[in-house]
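The values are calculated or read from the model by the stated rules, or taken from the named source; none is laboratory data. Keep in mind the model is a prediction, meaning the values are calculated, not measured. In this analysis, Cβ positions are derived from the backbone assuming ideal geometry, glycine residues included, and neighbour counts consider all displayed protein chains.
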Amino acid sequence: MMILFSYLIFPGFLFSACVGLIAGWIDRKVTARIQWRVGPPWYQNFVDIVKLLGKETVIPRGAAKLTFLFSPFLGLLSAALVATILGVTVRLPLTSFAGDLIVVVYLLIIPAISVIIGASSSRNPLASIGASREMKLVLGYELPFILSIIAVIIKSSGGIQLGSILNHQINFGSNLVSWSGALAFIAAIFCMQAKLCFVPFDMSEAEQEIMAGALIEYSGSALAMFKLTKAILLYTIPLLLVILFWGSNLAPLALIGKYIALLVVVILIKNTNPRLRIDQALRFFWGPVTALAVIAVILAIIGY
Amino acid sequence: MSHKVVIPIGPYHPLQEEPEFFRLYVEGEKVVDIDIVIGYMHRGIEELSEHKHFDQVAFLVERICGICSSSHPYAFVLAAEDILGGEANIVPERALYIRTIIDELQRIHSHLLWLGLAGHFIGYNTVWMWAWKYREPVLDMFEMICGNRNHYGMSKIGGVRRDIRDEDIPILKKALDDLLPAVDMFRGAVMDDPVIKARLVGCGTLTKEQAIDWCTVGPTARASGINIDVRRDEPYGAYDRVDWNVIVEKNGDVFAKTTVRILELYESISIIRQCLNKMPKGEIDADIKDIPPGEGIGRVEAPRGECFHYVKSDGTNRPVRHKIRAPSYMNVASDKVAAVGGTISDAALTLAAVDPCYCCTERLIVLDKATDKKIMDGWDLIKLSQEKTAKLKKP
């Protein structure tokens, strides 16, 4: 019963979705202010979701029906699961199980994969281009992301458990304040931007080129599910980065402050850059970002 | 791998604000061929204009395009004045300066509009919003001079309709001074940003030879190293009385097109300043009554390139023939070479980089393929549209 509660309500699906939607509102509001606009009221994202849930879900002719409708679920379920694991870990670091970091890394790829599956099953040429871009992007950012996590693991004396990483930081200070930790953190921030599918790495949804690309055929509640997945990711990925790199003090207020700081970084990157081309993004991730992460790993091994 | 997929851009697509249709043939991300289909916005303006009298036509052609809404009436008025003996011979000096000021203000607002859209197309929405914010004071200047933000209604055969009041001149000068730092900012933000450079340099390159072959005009041609500008080559208005430069770039890519437009903003601001300083006092209208029989042409450098109007008069109060060639008609075609070979992302940008304006460009004629007989022209289309409207009005 407790497990079900923590998965569905707190800190799982419902809670993370609400936080994510509020974070999404902060993003929209700050973006609007940067662009000299007014921006929506705080409940706008909730209203959007409710409205989408009430709309008809159109399935394109010739699409693989089951896959088309199943993939948004897949993404949402895994995103909610990550939110649960992270939320429980933050509250009770000792309850985390061995190897949960690996589970989290795996589960965080699934929303991207669900987008790819859903897009490919929709039989739309624009969606298939979006899917192929998303696939290339995943290949691009996963390598430096995992490398930067390896740097963290080495820093925390080899524990692949979120709880032990947190405990290590509580005892010895945040990973962020070491050389290797700082470099890995920068690399991870770029990966976070790509995982969240924000400018400059939003080419899978590039509105002006391929009209929402991967999501073009989705409507109604299926689209709402993708939006909720995005919202939950907006909550979980910065939270994961806080846990991994900045976990020395996770009292509620400090946690919120750190989370908002990361959110602001995301929003600023988003608003001061144009969209890259997919080949440029791939080159960027496999070049400088991977190099940064490798240096971080080497420094972590030497002990910096 | 030779697996061609057709990617449609249009007729309704967030990339372009007007209906048009580009069929991109792609292999993976690479564009191998492109079909350009226009004709969704045809309104039969030329035909309509032959049913209006000369004073009305200036207002009609103003509505060809909401962005170049000084260039089209100006070109038409020039064509009519060509029949009368040339603009310089009949139009009062002050009116020439006012025409030039309106024409250049229009260029500033059009280039800022394009800059914003270009930012939007590369996903840089901050540039979009900021460019349009700084475009607002330009529209305010228009409102001060002619009472309207977008359709100016200034051109009149033999002069202009409204004077610029002396008490407005300091306000206009101040607005121009305020605009300059904003243009500086865009120059810094767009031309020195490494990410924008990475995105725009080498994208959609149109070589000088291609630009000549495809008859491009305006900033599109000037970005490819062709040194043409109607304002200098065949001066009208007060352009030969002020100092300014034609901006030419060599590379022909989207970055060069952006550079040309940003640098032209400086020239426009300088032209307007000089005009405001030099403008003599006096009449603004030559009070032309009749247009004698004859033919005339008018060429104006619109923000997108050369805008050409041909008018034939038989001595009555309406043109017998009115032919319009808008710049986008030439520029859009050059996408056929510029966009092929790049990726879809680049193609989307390239299509937008000529600053296409479809409603200037549209023309339509329906032919029977077997007999080559005309079965529908502009007038039929208007009738069709009127019938449709009548049908819609019925409850």
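Annotations
- Residue selected from segment B:15-50 under the condition within 14 Å of another protein chain (Cβ to nearest Cβ), more than 12 Å from B:ALA347 (Cβ to Cβ) and surrounded by fewer than 16 Cβ atoms within 10 Å (Cβ to Cβ), by the criterion modelled with the lowest pLDDT: B:GLU17
- Residues in segment B:265-284 that are in a loop (DSSP other than H, G, I, E, B) and surrounded by fewer than 18 Cβ atoms within 10 Å (Cβ to Cβ): 4 in all.
- Scanning segment A:197-209 for residues that are closer than 13 Å to A:ILE278 by Cα and at the interface with another protein chain (Cβ under 9 Å from one of its Cβ atoms) gives A:VAL199, A:PRO200, A:ASP202, A:MET203, A:ALA206, A:GLU209.
- Screening segment A:144-156 for residues that are among the hydrophobic types (A, V, I, L, M, F, W, C) and within 15 Å of the chain's Cα centre (by Cα) and picking the one that is surrounded by the most Cβ atoms within 10 Å (Cβ to Cβ) gives A:PHE145.
- Selection from segment B:229-238 of residues that are in contact (Cβ under 8 Å) with a residue 40 or more places away in the chain, closer than 17 Å to B:LEU263 by Cβ and surrounded by fewer than 21 Cβ atoms within 10 Å (Cβ to Cβ): none
- Condition met for A:VAL47 (of a type in the set (A, V, I, L, M), under 29 Å from B:TRP128 (Cβ atoms) and modelled with pLDDT of 90 or more): yes
- Residue under evaluation A:ARG283, criteria (1) within 14 Å of chain B (Cβ to nearest Cβ); (2) of a type in the set (Lys, Arg); (3) closer than 23 Å to A:ALA17 by Cβ, criterion not met: (3)
- Of the residues making up segment B:128-150, those that are touching a His at 6+ places or on another chain (Cβ under 8 Å) and either away from chain A (no Cβ under 14 Å) or buried (at least 23 other Cβ atoms within 10 Å of the Cβ) (or both) are B:VAL138, B:LEU139, B:PHE142.
- Single residue of B:ASP184, B:ASP166 found to be more than 25 Å from the chain's Cα centre (by Cα) and either surrounded by 14 or more Cβ atoms within 10 Å (Cβ to Cβ) or not hydrophobic (A, V, I, L, M, F, W, C) (or both): B:ASP166
- Residue within segment B:189-212 that is assigned to a helix (DSSP H, G or I), away from chain A (no Cβ under 14 Å) and farther than 30 Å from B:LYS336 by Cβ present: no
- A:ILE160 being within 19 Å of the chain's Cα centre (by Cα), more than 14 Å from chain B (Cβ to nearest Cβ), over 30 Å from A:ILE59 (Cβ atoms) and surrounded by fewer than 20 Cβ atoms within 10 Å (Cβ to Cβ): no
- Close pairs (7 angstrom Cβ cut-off, 6 or more residues apart or separate chains): over 15 Å from A:ASN249 (Cα atoms) in segment A:77-102, in a helix (DSSP H, G or I) and acidic (Asp, Glu) anywhere: A:ILE85/A:ASP100
- So B:LEU112, is it touching a residue at least 24 places away in the same chain (Cβ under 8 Å), in a helix (DSSP H, G or I) and not hydroxyl-bearing (Ser, Thr, Tyr): yes
- Checking A:VAL58 against (1) without any contact (Cβ under 8 Å) to a residue 12 or more places away in the chain; (2) farther than 29 Å from A:ILE149 by Cα, the condition it does not meet: (1)
- Against the conditions (1) modelled with pLDDT of 90 or more; (2) buried (at least 21 other Cβ atoms within 10 Å of the Cβ), A:LEU86 satisfies every one except (1).
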